[in-house]
Amino acid sequence: MRLLLAEDDLMLGDGLRAGLRQQGFQVDWVRDGIAAELEIASGDYQAAVLDLGLPRKDGLEVLQALRGRGIATPVLVLTARDTVPDRIKGLDMGADDYVLKPVDLFELGARLRSLVRRSHGQVQNLLSCGSVQMNLAARLVLQDDQPVALSTREFDLLHALLLNRNRVLSREQLEQQLYSWGYEVESNAVEVHIHHLRKKLGADLIRTVRGVGYTLLRPKGLA
Ligand code: CA
């Protein structure tokens, strides 16, 4: 899944980006509040990690502006301000969760997965469609209880489709979820990953909606 990281401290930002990438997140990094607001508002991100003490625009002001505009992207606030009034203020302004500095990278990863899951109405760390099951915490895919080896991109693509089971996702929407800044995306990259997923998981799982995009086939018996 694709994340926006807003952190002005270069060492911390670099460490957070590396640690989150290791956990399979696609991470774009901005260093001030104005850029953070602009990027989160773009709708390209499944979640954002927002430092509160940012130059040009404070994190709390960024949050307030976003929520005021009706932008609901889940935001996890990063703060050294471990005081109750600050936390209450952040939550009141629409933060979805908090992590205190110094940051535990694995806690941060777990909280982000949980935020994104909840924002899609999922209560568990498992996603499934028919005989295919995805365990997000372990980044593992099973089909009929047998592990299936997927590349990072294949996993992320399947994840996007599972999170949006009732929607058709266009190729552009899938590209946005798969690639962070600085990647040259081959024009047929999504088609190639879909092709590989079909080879690994069966031709029936992913349906092409001609001229629109892709969706998961609903298992028989479900409306
Ligand atoms: Ca800061």
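The values are calculated or read from the model by the stated rules, or taken from the named source; none is laboratory data. Small disclaimer: the values here were computed from a predicted structure and weren't measured. All Cβ positions, even for glycine, are placed from backbone atoms using ideal geometry, and neighbour counts span all protein chains on display. Keep in mind that these areas ignore ligands, DNA and RNA; they rest on the heavy atoms of the full protein, side chains included. Shrake-Rupley method; radii C 1.70, N 1.55, O 1.52, S 1.80 Å.
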Relative to the Cα centre, what is the charge dipole magnitude of the range 1-69, using +1 at the beta carbon of each Lys and Arg, -1 at the beta carbon of each Asp and Glu, and rounding to the nearest 20 debye? 220
The long-range amide H neighbours of S128, using H built 1.01 Å from N in the peptide plane and a cut-off of under 5 Å, are M134
With every protein chain left in place, what is the accessible area per residue of the chain in square angstrom, probe 1.4 Å? 50
Fraction of accessible area attributable to carbon and sulfur, the range 126-216 (%, probe 1.4 Å): 46
Tally Lys/Arg at +1 and Asp/Glu at -1 over every other residue whose Cβ is under 13 Å from the Cβ of E175; what's the total? -3
Show me, for the range 187-203, the HN-Hα J-couplings you get by feeding each phi into the Karplus relation (A = 6.51, B = -1.76, C = 1.60, θ = phi - 60°), rounded to Hz, glycine and proline as x. 4, 9, 4, 5, 4, 5, 5, 4, 4, 5, 4, 5, 5, 7, 10, x, 5
Scan the chain and hand back the longest stretch that contains none of the GluC sites (Glu not before Pro) lying in DSSP loops with at most 14 other Cβ atoms within 10 Å. 1-183
Would you work out which of L216, P55, P85 lies farthest towards the positive end of the dipole of the chain? Charges go on Cβ: Lys and Arg +1, Asp and Glu -1. L216
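Out of the DSSP beta bridges found with both residues in the range 50-179, what percent are antiparallel (nearest 5)?
Here the share of antiparallel DSSP bridges comes out near 65 percent.
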Checked the range 147-190 against the a/c 1.5 cut and the a/b vs b/c comparison, axes a ≥ b ≥ c from its Cα gyration tensor; verdict oblate
Projected area of the chain, taken from the Cα convex hull and averaged over every viewing direction, in nm²? 12.9
Quick one: of the DSSP bridges fully inside the chain, what percent are antiparallel, nearest 5? 50
Quote the relative contact order of the chain in percent (integer), defining contacts as alpha-carbon pairs under 8 Å separated by 6+ residues. 16
About the Cα centre of the range 2-119, how large is the charge dipole given +1 on each Lys and Arg Cβ and -1 on each Asp and Glu Cβ? Please answer in debye to the nearest 20. 360
What are the ³J(HN,Hα) couplings of the range 29-41, residue after residue, when phi is run through the Karplus curve with 6.51, -1.76, 1.60 and θ = phi - 60°? Round to Hz, x for glycine and proline. 10, 10, 10, 9, x, 5, 5, 4, 4, 4, 6, 5, 5
In order over the range 158-175: 3J(HN,Hα) from phi, Karplus 6.51/-1.76/1.60, θ = phi - 60°, whole Hz, x for each Gly or Pro, gives 5, 4, 4, 5, 5, 5, 10, 4, 9, 10, 9, 9, 6, 4, 5, 4, 5, 4
Magnitude of the Cβ-charge dipole (Lys and Arg +1, Asp and Glu -1) of the chain about the Cα centre, nearest 20 debye, reported as 960
Work out the charge dipole of the range 126-216 with +1 on the Cβ of Lys and Arg and -1 on the Cβ of Asp and Glu about the Cα centre, then indicate which of G202, N135, Y179 is farthest towards its positive end. G202
Nearest 500 deg cm²/dmol is fine: what mean residue ellipticity at 222 nm does the chain get from its DSSP H runs of n ≥ 4 alone, each adding -39,500 (n - 2.57), divided by its residue count? -12000 deg cm²/dmol
